[in-house]
Amino acid sequence: MSLYATVVTAMWVMLPAYVPNNAAVLAGGGAPIDGGRTWGGRRILGDGKTYRGTVFGILAGFAVAAALDVLHPAAISALGVSLPWFPFEAMIALPAGAMLGDILASFVKRRTGRERGASFPLLDQLDFVVVALALTAVLDPAWFGDNFTLDVLLAILVLTPLLHLATNGIAYQLGLKDEPW
Ligand code: CTP
Ligand code: MG
């Protein structure tokens, strides 16, 4: 695959995993998942992980995957890359894995004494990718194997932190997010 095709494919397959975090920022608020409970004197997850944000994030990612399936023929001819089609399992696994990864990262942040909103370089930028990929590999191993080839995985690992920092920086500038990470 050319570098162009690799990058376009990586962005296409990851879009349903990228959108949930940003959608959660827009929808956040309401009851925290941990119900305010603590463990070892610290919040289990913190006020930044809510039911509303999580559900909205997963629905948004699912909707994006469904929309990409509709756009599939048009995108292939416009971009000139043979892009994959999202099966139902991937439509669920990519956004649900992204939200779960973000939640697990908050769990780790609280255990290591970081308050809500504190930065944890690399964990903040890659938590959601790792779990989204892992859940997709479990729910649809054949589709995962066909599409997440080594070059695509490498492109994802390099480009995701940059994209994540850029979108969060924009959300911060727009006043949607309290911190730029
Ligand atoms: N959000 C949410 N539910 C989620 C994820 C995010 O409601 N599952 C919303 C919250 O309003 C959160 C905002 O999106 O404050 C930004 O998300 P994030 O940066 O992940 O949370 P932080 O507030 O920084 O908290 P943490 O330190 O736990 O990451
Ligand atoms: Mg944060």
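The values are calculated or read from the model by the stated rules, or taken from the named source; none is laboratory data. Being a predicted model, the structure only gives us computed values, none of them experimental. When we count neighbours, we look across all protein chains shown, and the Cβ atoms used for this are built from the backbone with ideal geometry, even at glycine. Heads up: the accessible areas ignore ligands, DNA and RNA and are worked out on the full protein's heavy atoms, side chains in. Shrake-Rupley method; radii C 1.70, N 1.55, O 1.52, S 1.80 Å.
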Selection from the range 1-30 of residues that are among the aliphatic types (A, V, I, L, M) and open to solvent by 30 Å² or more (accessible area, probe 1.4 Å): MET1, LEU3, VAL7, MET11, LEU15, VAL19, VAL25, LEU26
Residue in the range 84-93 that is surrounded by 16 or more Cβ atoms within 10 Å (Cβ to Cβ) and under 25 Å from ARG43 (Cβ atoms) present: no
Residues of the range 154-166 that turn out to be more than 12 Å from the chain's Cα centre (by Cα) and open to solvent by 20 Å² or more (accessible area, probe 1.4 Å), as a count: 7
Residues of the range 87-118 classified as within 13 Å of ligand 2 (Cβ to nearest atom), assigned to a loop (DSSP other than H, G, I, E, B) and out of contact with any Asp or Glu (no Cβ under 7 Å at 6 or more places or on another chain), total: 3
Residue under evaluation SER119, criteria (1) touching a helix residue (DSSP H, G or I) at 6+ places or on another chain (Cβ under 7 Å); (2) closer than 25 Å to ARG42 by Cα; (3) in contact (Cβ under 8 Å) with a residue 40 or more places away in the chain, criterion not met: (1)
GLY29 under 19 Å from LEU133 (Cβ atoms) and in contact with a Ser or Thr (Cβ under 7 Å, 6 or more places away or on another chain): no
Those residues of the range 40-56 which are part of a strand (DSSP E or B) and either open to solvent by less than 90 Å² (accessible area, probe 1.4 Å) or free of Cβ contacts under 8 Å to residues at least 24 places away in the same chain (or both), in sequence order: ARG43, THR50
Filter pass, LEU71 being open to solvent by 30 Å² or more (accessible area, probe 1.4 Å), within 13 Å of the chain's Cα centre (by Cα), more than 20 Å from THR160 (Cβ to Cβ) and not aromatic (Phe, Trp, Tyr): no
Complete set of residues in the range 142-181 that are within 16 Å of ligand 1 (Cβ to nearest atom), touching a Pro at 6+ places or on another chain (Cβ under 7 Å) and touching a residue at least 12 places away in the same chain (Cβ under 8 Å): ASN168
Residues being modelled with pLDDT of 95 or more and within 11 Å of ligand 1 (Cβ to nearest atom) - total across the range 28-46: 8
All positions within the range 126-141 that are touching a residue at least 12 places away in the same chain (Cβ under 8 Å), outside any loop (DSSP other than H, G, I, E, B) and either touching a strand residue (DSSP E or B) at 6+ places or on another chain (Cβ under 8 Å) or more than 11 Å from ligand 1 (Cβ to nearest atom) (or both): LEU126, VAL129, VAL130, VAL131, ALA132, LEU133, ALA134, LEU135, THR136, VAL138, LEU139
Unmet criterion (only one of (1) open to solvent by less than 70 Å² (accessible area, probe 1.4 Å); (2) within 15 Å of ligand 2 (Cβ to nearest atom)) for GLY145: (2)
Qualifying positions in the range 6-33 - within 8 Å of the chain's Cα centre (by Cα) and within 15 Å of ligand 2 (Cβ to nearest atom): PRO20, ASN21
